[in-house]
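Trainee: Let me give you the structure first, and then I'll get to my questions.
The values are calculated or read from the model by the stated rules, or taken from the named source; none is laboratory data. From a predicted model like this one, the values you see are computed outputs, not experimental measurements. Note: ideal-geometry Cβ built from the backbone for every residue, glycine included; neighbour counts use all protein chains shown. Ligands, DNA and RNA are excluded from the accessible area calculation, which covers all protein heavy atoms including side chains. Shrake-Rupley method; radii C 1.70, N 1.55, O 1.52, S 1.80 Å.
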Amino acid sequence: MLTLPMPMVTALILGLLAVEARLRRRPPLFSALLAVCAFQGVVVSLGQYYLVPGFARVQPVTATAVPVLAWVTFRVTAIGPLPWRLGAVHLAVPGFTAFCAVFAPVALDAAVSGAFLAYGGAILALLVRGGADALPLMRLENGERPDFVWRAIAAALILSGISDGLIAVAAAAGALWLKGWIFGLFSTLSLLCIGVLVLSRSLVGDAEPDAGPAAAAPAEGAAADEAADRALVARLADLMETERLYLDPALTLARLARRLRVPAKALSGAINRITGENVSRFVNGHRVRHACACLAAGESVTAAMLDSGFNTRSNFNREFQRVTGCAPSLWPAAGAPAGD
């Protein structure tokens, strides 16, 4: 009876997910990342389990393509365009790994482990340093979920990097028989985790940004000036009320910043300092208040949710509870039928 190793089963699952991502018309980088993860599962299976000549030497090189592409996907889809020169620099990582495979095999494990740890750490550091508004291209309707998903992806990369350290410990302890188990388990879990997470709906971002003038740099000292912050938040509130931008489910921090002609970081900082909230909560507050008005007018909970710029019931319920202190179905003026 033919049995498939775990990495090969993972590769088949990730291959199907890559096809599904294209059918969902997700950004090409997501499909590319899934395809690379699937290919790595095939390479691991052929090299480690079926012992096909050559694949064991190729495996470290293809492995380092995973964290590189994960970082590029994160940078482009969540933060902003990546200059092509900077993107090209990251291609040096698989290139250096290939160099080690041929000329310095003793450094190979460190190169692979270092790539996973470095890129996973870089994603995590940017999220921690940037706070709740570190992802300007993510839809505000999703709240903090994109941040959580990308943290999980970063953790999967770091976990994969740690596996090489565990293999070294096993070798030092004379338990080389554990190498295959450690490698197979960690590679399978990390690849599958990354593949599943990148399909999360919360990672859908600003696919069609508004056309408009580039963000202007703030005047010196303006970011720290309370009067300037209040003026900027007042401008945003006026824009939200007059154009009702919050009704757009695809609204992002980047779009708001472009409309106000200020850097996203400046707008995020002003909202945080003046209101004590992040941009997502600020915008979702407007959406919830609009939903309350819809409910008072007799709309069902589902209709009020969709009319207020929310796409998912879970996000709507969570934000409604946060703002009003009760569930949408319990809102005093709600005319929603039972079970809606």
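Trainee: Ignoring ligands, DNA and RNA, how do 287, 258, 129 rank by accessible area with a 1.4 Å probe, largest first?
Mentor: 129, 258, 287
Trainee: Please name which of 154, 122, 192 has its Cα lying farthest along the dipole of the chain towards the positive end, using unit charges on Cβ (Lys, Arg +1; Asp, Glu -1) and the Cα centre as origin.
Mentor: 192
Trainee: For a test of the definition: using alpha carbon positions, the gyration tensor, and the 1.5 limit on a/c, classify segment 72-190 as rounded, prolate or oblate.
Mentor: In terms of gyration-tensor shape, oblate.
Trainee: For the chain, report the accessible area per residue in Å² (1.4 Å probe, heavy atoms, rounded to an integer).
Mentor: 48 Å²
Trainee: Hey, got the dipole for the chain? About the Cα centre, +1 on K and R Cβ, -1 on D and E Cβ, debye to the nearest 20?
Mentor: Once rounded to the nearest 20, the dipole reads 420 debye.
Trainee: For helix 55-74, report the angle its Cα long axis makes with the longest principal axis of the Cα atoms of the chain; keep it between 0 and 90° and round to the nearest 10°.
Mentor: Value to nearest ten degrees: 10.
Trainee: Which residue, 283, 83, 55, has the largest displacement toward the positive end of the dipole of the chain when charges sit on each Cβ (Lys, Arg +1; Asp, Glu -1)?
Mentor: 55
Trainee: Sticking with this structure for a sec: Of the chain, which part is the longest with no chymotrypsin sites (Phe, Trp or Tyr not before Pro) in a loop (DSSP not H, G, I, E, B) and with at most 13 other C-beta atoms within 10 angstrom?
Mentor: The longest such stretch corresponds to 178-340.
Trainee: In the neighborhood of residue 63, defined by Cβ-to-Cβ distances under 14 Å, what is the net charge if each Lys or Arg adds +1 and each Asp or Glu adds -1?
Mentor: Here the charged neighbours net out to -1.
Trainee: Restricting things to alpha carbons, tell me how big segment 1-61 is in terms of Rg and Dmax, in Å.
Mentor: 12.8, 39
Trainee: Of 247, 65, 175, which is farthest towards the positive pole of the chain's charge dipole, taken about the Cα centre with +1 and -1 on the beta-carbons of Lys, Arg and Asp, Glu respectively?
Mentor: Working it through, the farthest residue towards the positive pole turns out to be 175.
Trainee: What does the convex hull of the Cα atoms come to per residue for the chain, in Å³?
Mentor: That works out to 183 Å³ per residue.
Trainee: Taking Cα atoms, how many degrees apart are the long axis of helix 178-197 and the longest axis of the chain, rounded to 10 and kept between 0 and 90?
Mentor: The two axes meet at around 30 degrees.
Trainee: In the Gaussian network model of the chain, springs joining C-alpha atoms below 10 Å, which of 189, 82, 253 carries the largest mean-square fluctuation?
Mentor: 82
Trainee: If you don't mind, there's one more thing I want to ask. Treating only the Cβ atoms of Lys and Arg (+1) and Asp and Glu (-1) as charged, compute the dipole magnitude of segment 1-119 about its Cα centre; round to the nearest 20 debye.
Mentor: 400 debye
Trainee: Between the helical axis of 279-296 and the dominant principal axis of the chain, each derived from Cα atoms, what acute angle in degrees is found, rounded to the nearest 10?
Mentor: 50 degrees
Trainee: How large a share of the accessible area of segment 2-128, in percent, is made up of carbon and sulfur atoms when the probe is 1.4 Å and the other protein chains stay in place?
Mentor: So the carbon and sulfur contribution to the accessible surface is 77 percent.
Trainee: Could the peptides 267-275, 153-161 be put in order, highest first, of the mean number of other beta-carbon atoms found within 10 Å of their residues?
Mentor: Top to bottom by mean Cβ count within 10 Å: 153-161, 267-275.
Trainee: Shifting gears a bit: Grab the DSSP H runs of the chain that are 4 residues or longer, score each as -39,500 (n - 2.57), total them, divide by all residues and round the 222 nm result to the nearest 500 deg cm²/dmol.
Mentor: About -21500 deg cm²/dmol.
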